[in-house]
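Enquirer: Pasting a structure below so you can have a look.
Values in this text are rule-based calculations from the coordinates and carry no lab data. This is a predicted model, so every value here is computed, not measured. Note that each Cβ is placed from the backbone with ideal geometry, even for glycine, and that neighbours are counted across all protein chains shown.
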Amino acid sequence: MAINNISSMTSSILRPSDAKISAGNLQNPYKAQTKFADYLKESLNEVNESQNIADKLTGQLAQGKDIDLHQVMIASQKASITMQTTIEIRNKVVEAYQEIMRMQV
């Protein structure tokens with residue numbers, strides 16, 4: 001395995017000729033905001049779906065249906081982790097917003 005020094009890595013990363021930014025590639029703020037809103041909505045739907053799956057599997061286990069306990073526990077942990085991650089991201093966004101609002105112009 002070859003180990004490159006930092007100067008060769010940064011020069012290859014920061015080459016101005018590789019920059020793909022031009023007036024044609026820039027998006028207007030409305031499109032960027034719409035894409036972000038769609039991404040956020042999709043992510044929240046995925047969190048909701050994982051919660052629904054965990055609830056469904058837990059209900060099936062409680063009813064005595066033929067379902068493995070480990071499947072229920074894995075689904076429950078996935079739902080818990082996605083919810084905790086979502087809450088932490090929300091907290092960081094609120095904290096950043098509050099910090100911006102405290103800035104003096």
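Enquirer: Once the cut-off is 21 Å, how many percent of the Cα-Cα pairs in the range 28-102 end up in the long-distance tail?
Expert: Working: 1314 of 2775 pairs.
Value for the range 28-102 (Cα pairs over 21 Å): 47 percent.
Enquirer: I've got another one for you. Counting other C-beta atoms within 10 Å, which of Asp66, Asp55 has the fewest, and how do the rest follow? If you can, show how the numbers build up before the last one.
Expert: Details: Asp66 6, Asp55 13.
Least to most surrounded, the residues fall as Asp66, Asp55.
Enquirer: Could you tell me which of the pairs Lys35/Lys78; Lys31/Lys92; Lys65/Lys92; Lys41/Lys78 are separated by over 30 angstrom between their Cα atoms in the structure shown?
Expert: Numbers: Lys35/Lys78 26 Å; Lys31/Lys92 24 Å; Lys65/Lys92 41 Å; Lys41/Lys78 19 Å.
Table pairs above 30 Å Cα-Cα are Lys65/Lys92.
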